[in-house]
Amino acid sequence: MSAEHLPLSARFALWFSAWVSGSASLDDTRDAIVGDDAAHDVVGIPGSPDPADPAPLIVALGLLRSERATGAGIALPVPGDLLGLAGPGAFNGEVVDAGEGVVLEGAEFGLVPHRAGAGVVWTCHQAVSRRQVPDPSEADQSLRQALLRTSDVLADLDVARWRPEVADELIALRRHADYAFPTAMAPRAVRLAALATRCRAIVDLALEDDGGAITAAEAEARRQAMGPLDHAARRGLVAACAYPWDR
């Protein structure tokens, strides 16, 4: 995951939801999902002439809408924490392996992204759309508390010495993040999604090179410090994508 971009699943879910609700055009939705990638294709969509044949994203969006999908959310699971997933097992397993996935609302389908060269291929699966997702207000509060606690621990670990990029990202949290959100997205959902994405970038940077730690104890302390922030950031992003508009 890049500190400069939303996760693939969040880009897809937010813009697909905006498009089917009438607040974004099809072309803008396709362009926002693809971003800097070469192309996105989708395989396995029911109703397509040949489900095994990759469909270009702009065609796939129409096919998914024709299957009565009314919106989308995301799943950001890790082993032992199936955040955003409700089954079946085959879909859960592929999403855990990929680290992220999309769950369509109004249709019992889910999508899993896989990098393919400079592009992305999404695989479509049967998926249970009724699932438990975090409450946005609770998720926002938990994330901010986890960030404060983690910042204190990182200061004790002398973060600037072993990972200057992490210190830079912590400072950058105070600045506006220029992510490609749909214009109709509620401001509080934008703030939560942006904060969660930047916190996940901090986690990735902090855990990128355990070999840089002087001792095994320091490496373990770093992992322990990052765990609660990672959990809270994943919950925050799932909540923001589940409730992108004002309630």
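May I ask what percent, to the nearest 5, of DSSP beta bridges between residues of region 8-126 are antiparallel?
Antiparallel bridges make up about 80 percent of those DSSP assigns within region 8-126.
Which residues' amide hydrogens lie under 5 Å from the amide hydrogen of residue 72, considering only partners 5 or more residues apart or on another chain, with H built in the peptide plane?
Amide H neighbours of residue 72, under 5 Å, 5+ apart: 17, 105.
Suppose we keep just the DSSP beta bridges with both residues in the chain; what percent of those would be antiparallel, to 5?
80 percent
If you take the beta carbon distance between residue 68 and residue 179 as r and set R0 to 22 Å, what does 1/(1 + (r/R0)^6) give as a FRET efficiency, to the nearest 0.05?
0.15
I need the semi-axes of the equivalent ellipsoid of region 8-126: take the C-alpha gyration tensor, multiply each eigenvalue by 5, square-root it, list largest first in whole angstrom.
After scaling each eigenvalue by five and taking roots: 20, 15, 15 Å.
So how far apart, in nm, are the two label points at residue 191 and residue 216 if each is 7 Å from Cα heading toward Cβ?
4.4 nm
List every residue whose amide H lies under 5 Å from the amide H of residue 114, counting only residues 5 or more places away in sequence or on a different chain, with H placed 1.01 Å from N in the peptide plane.
Under 5 Å from the amide H of residue 114: 121, 122, 123.
Extension gain residue 224-residue 81, at 0.36 nm per residue separation less the Cα-Cα distance, in nm?
Using 0.36 nm per residue and subtracting the Cα-Cα distance, I get 49.8 nm.
Towards the positive end of the charge dipole of the chain, with charges on Cβ (+1 Lys, Arg; -1 Asp, Glu), say which of 111, 52, 233 has the farthest Cα.
233
Just rank 109, 16, fewest to most, by other beta-carbon atoms within 10 angstrom.
Ordered by Cβ neighbours within 10 Å, fewest first: 109, 16.
Quickly work out the residue 39-to-residue 141 label distance, labels modelled 7 Å from Cα along the C-beta direction, and quote it in nm with one decimal.
About 4.9 nm separates the two model spin labels.
Please quote Rg/Rh for the chain to two decimal places, taking the Kirkwood radius as Rh and restricting both calculations to Cα atoms.
0.98
Run the dipole for region 8-126 about the Cα centre, Lys and Arg Cβ at +1, Asp and Glu Cβ at -1, nothing else charged, and hand back the magnitude in debye, nearest 20.
180 debye
For residue 81, enumerate residues with amide H under 5 Å from its amide H, sequence gap 5+ or separate chain, H modeled in the peptide plane.
none
Of the candidates 202, 58, 33, which one comes out as most mobile in a Gaussian network treatment of the chain with C-alpha springs shorter than 10 Å?
Checking each option, the largest mean-square fluctuation is seen for 58.
Evaluate 2.2 N^0.38 Å with N set to the residue count of region 1-76, then give the Cα radius of gyration divided by it.
Working it through for region 1-76, the quotient is 1.08.
Once the dipole of region 49-142 is set up with Lys and Arg at +1 and Asp and Glu at -1 on Cβ about the Cα centre, which of 71, 86, 136 lies farthest towards its positive end?
Value computed over the given set: 71.
Sort 152, 31, 50 so that the residue with the fewest other Cβ atoms within 10 Å of its own Cβ comes first and the one with the most comes last.
The most exposed by this proxy come first: 50, 152, 31.
Run the dipole for the chain about the Cα centre, Lys and Arg Cβ at +1, Asp and Glu Cβ at -1, nothing else charged, and hand back the magnitude in debye, nearest 20.
It works out to roughly 740 debye.
Starting at the first residue of region 223-234, write each ³J(HN,Hα) from the Karplus equation 6.51 cos²θ - 1.76 cosθ + 1.60 with θ = phi - 60°, in whole Hz, x for Gly and Pro.
Calculated HN-Hα couplings, in order: 5, 5, 5, 7, x, x, 5, 4, 4, 5, 5, 5 Hz.
Rule-based calculations on the coordinates, nothing more; no lab input. Predicted model only: the values in this text are computed from it and were never measured. Because the Cβ atoms are built from the backbone with ideal geometry, glycine has one as well, and the counts that use them run over all protein chains shown.
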